[in-house]
Structures are given as C-alpha cells and as structure tokens.
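For reference, the structure discussed in these notes is given below.
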Amino acid sequence: MRLMEPLGIAQDIVEPTVLKRWADYPNQHRYTDYSDSVRETAHHAISPFPYQPSLNNKLALWTGDISILQVDALVNPTNETMDDNSTTCQKIFSRAGSALKIEIFNEIKECRTGEVRVTQGHGLPARFIIHTVGPVYNVKYQTAAQNTLHCCYRNVLQKAREMGLRTIALPVINSIRRNYPPDAGAHIALRTVRRFLEQYDSLTCVIFVLEPCDLGIYEILLPLYFPRNLAEQDNACWQLPNDIGGMDGEPLLPDRQIRIIDNPQHALHGDDTVELSSQLETSVNIGEHAFAQMQGDLDRQRLLGERPADPLADIMLKQMQHKERYENL
C-alpha cells in the first residue's frame with residue numbers, strides 16, 4: 001500500500017499482517033546441552049515463561065523505518081521536553097509534519113520520566129503516537145533506573161489497552177545515550193511485554209522495532225521469554241537470570257532489615273546490634289497490637305497536641321540514650 005505525502009510523493013507503508021511472526025523465525029543459535037552438567041545447576045526448576053504459541057504469533061521484529069508502519073500506535077522514546085533528536089524521533093516528526101509539534105506545544109508541553117503522553121499520528125500511517133521518557137542509567141542508582149524503565153514499557157502497554165488499540169510498534173526505550181546497558185534493558189522489555197500479553201488479550205500484534213545494534217541481543221534473549229518450542233523452554237531454565245521480576249515483570253527488591261547499632265565501632269566486630277523486629281509486638285489481633293491499643297486516644301492526642309505513644313520511637317530513643325551513656329564513659 002502507498003501513502004501520498006503533502007507534496008504528492010508516494011511513500012510505501014507496511015501493515016502488520018505482512019510481517020513475519022516470531023513463531024516463524026528460524027532458530028539461528030545452537031542449543032547448549034545441559035543434561036550432563038555437573039558443576040552447574042539450573043536457575044529455575046521449571047521455565048517461568050513456558051512455551052505458548054499464541055503469544056509468539058503476536059510478536060514481530062522490524063529493523064526498518066518505524067514511521068512507515070501502519071499500526072494503531074507507535075511509541076516515541078523522547079526526552080522530558082519532547083524534543084529529542086534521536087534518529088527514531090527525527091523520523092517520526094519528519095513524517096508526522098508540523099502539526100505534531102504544534103499539538104505538543106499547545107497541549108502536551110512535557111513528559112516526565114517513566115510516564116506516557118499521547119498525540120495524534122497526523123501525517124503518519126499510525127493513528128496515534130505514545131511518547132515516553134526512558135531513565136538515565138547510573139550504577140549507583142540502577143534499581144531506580146530498572147523500575148523506571150519497567151514503568152515506561154508497562155505504561156505504554158496499559159495506555160494502548162485503555163485506548164482499545166490492537167497493534168503497536170515498540171522501539172527500544174532504553175538508550176545508550178542515557179548510559180543504559182542494552183542487554184539489561186532488553187531483559188526488562190521482554191519480560192514486561194511477556195507478562196502483559198499473558199494477562200491481557202487486548203493486543204494482537206506487538207512489533208519490536210530494532211536498530212541493527214539491538215537486533216542480535218533480541219534474537220538471543222527472545223527465546224528465553226518467548227520460547228518457540230520445548231527445547232528452547234528447557235534451555236531457558238538454565239539461561240534466564242535468577243531475577244525474572246514480579247507478576248508484571250517489575251524488578252523485585254530484597255527485603256531489608258533495619259538495624260540499630262549501639263556503637264558504630266562495634267559494627268566492625270559484628271556484635272551489640274539490635275533488630276527492631278525482635279523488639280516489637282508481632283501479634284495482629286485487634287486490641288493486642290501496640291498500635292491498636294492507642295486508637296481510642298488518637299483524636300484526643302491530636303487535639304491536645306500530645307504525641308501518640310510510638311513503640312518504635314521508644315526503642316530508638318532508648319538506643320540513642322544507651323549510645324550517649326557509652327560515649328560518655
């Protein structure tokens with residue numbers, strides 16, 4: 001099919017129906033035989049992403065121009081002021097025409113990191129554009145970056161579902177220009193899309209729009225999250241990372257215990273530490289829990305300006321007093 005540009009120049013467009021689905025892609029990588037492995041053990045006893053042909057038939061890969069895809073929506077990874085100059089953005093804005101810039105200037109203004117904004121497709125064959133802003137990656141704050149990237153993908157998919165859209169073109173949202181490791185970003189993207197497709201049947205086609213530098217990464221990682229046969233499913237048990245995210249593909253944080261140290265010097269020797277959880281009442285029966293006992297006096301305490309009894313604060317105060325006595329010796 002051909003689309004006429006304003007100057008009368010014919011432009012090819014691509015419909016999702018003509019794209020090869022992931023289920024039909026040939027396997028280009030040799031399987032690793034783990035049956036005789038002695039030193040290694042599988043990361044997962046059973047595959048957390050089992051073989052489901054119906055999901056594989058919803059995926060397609062595209063390495064061409066995103067702006068010629070005739071989808072319900074395409075995704076534009078941009079910056080907070082929505083004027084990014086990446087190759088993908090330039091292609092989208094060039095085909096959409098000046099009306100897109102006018103809509104953004106008059107109605108959208110900006111987009112915060114991790115959030116999404118929707119505009120019309122204007123001169124694009126796509127009906128809508130879903131804009132989102134990926135995170136800046138810093139090793140010191142990598143957990144925050146992982147959570148934000150997950151939010152980008154999840155929010156894009158949720159917005160498409162809310163709008164009743166069926167087909168979407170999804171480029172790589174994480175960017176090397178923002179220091180995000182491509183392979184780490186691909187893991188989050190694939191597991192987030194996988195969990196969404198498992199939960200909702202709203203989308204009939206998700207097109208991963210990939211640059212040549214990302215294509216090899218996705219071809220290697222896709223079989224882990226979307227195995228095309230039982231052999232790939234079994235291999236995924238060994239090759240998937242231990243951290244496969246939560247129910248929505250979101251990163252999981254390990255539980256942390258709060259510890260109060262009497263004397264910082266003792267922390268080096270591992271003694272004289274107190275865990276708050278062992279000091280607090282653990283019963284949750286109504287009337288027995290420390291917080292439940294003070295519910296009747298809360299209004300009175302607020303009106304009189306009195307501080308409600310707080311068992312956690314009392315423990316911390318006692319620990320501070322103990323520390324002060326120690327330092328005065």
(message) Just to be sure I understand: of the beta bridges DSSP finds with both ends in segment 114-255, what percent are antiparallel, rounded to 5?
(response) 50 percent
(request) Of the DSSP beta bridges with both residues in segment 2-239, give the percent that are antiparallel, rounding to the nearest 5. (result) 35 percent
(request) Find the percent of Cα-Cα distances in segment 2-239 that exceed 27 Å, and round it to a whole number. (result) 36 percent
(message) Along the Cα→Cβ direction, 7 angstrom out, place labels at residue 94 and residue 15. What is the inter-label distance in nm?
(response) 2.6 nm
(request) For segment 34-167, give the share of DSSP beta bridges that are antiparallel, in percent and rounded to the nearest 5; count only bridges with both residues there. (result) 45 percent
(request) Hey, for a label at residue 85 modelled as a point 7 Å past Cα toward Cβ, could you say which residues of segment 172-205 have their backbone N under 19 Å away? (result) 175-179
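First select every other residue whose beta carbon is under 10 angstrom from the beta carbon of residue 63; then total the charges, Lys and Arg +1, Asp and Glu -1. Before the final figure, lay out the partial values.
Values: positive: none; negative: 65, 211, 214.
Here the charged neighbours net out to -3.
What's the FRET efficiency of residue 220 with residue 106 using the Cβ-Cβ distance as r and R₀ = 41 Å, to the nearest 0.05? Before the final figure, lay out the partial values.
Details: r = 44 Å, r/R0 = 1.06.
It comes to 0.40.
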(request) Can you check what the Kirkwood hydrodynamic radius comes to for segment 97-231, Cα pairs only, in Å to one decimal? (result) 16.0 Å
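Read the figures in this text as sums done on the coordinates, not as results from a lab. All values derive from a computational prediction rather than experimental measurement. With ideal geometry, Cβ positions are generated from the backbone for all residues, glycine too; neighbour counts draw on all protein chains shown.
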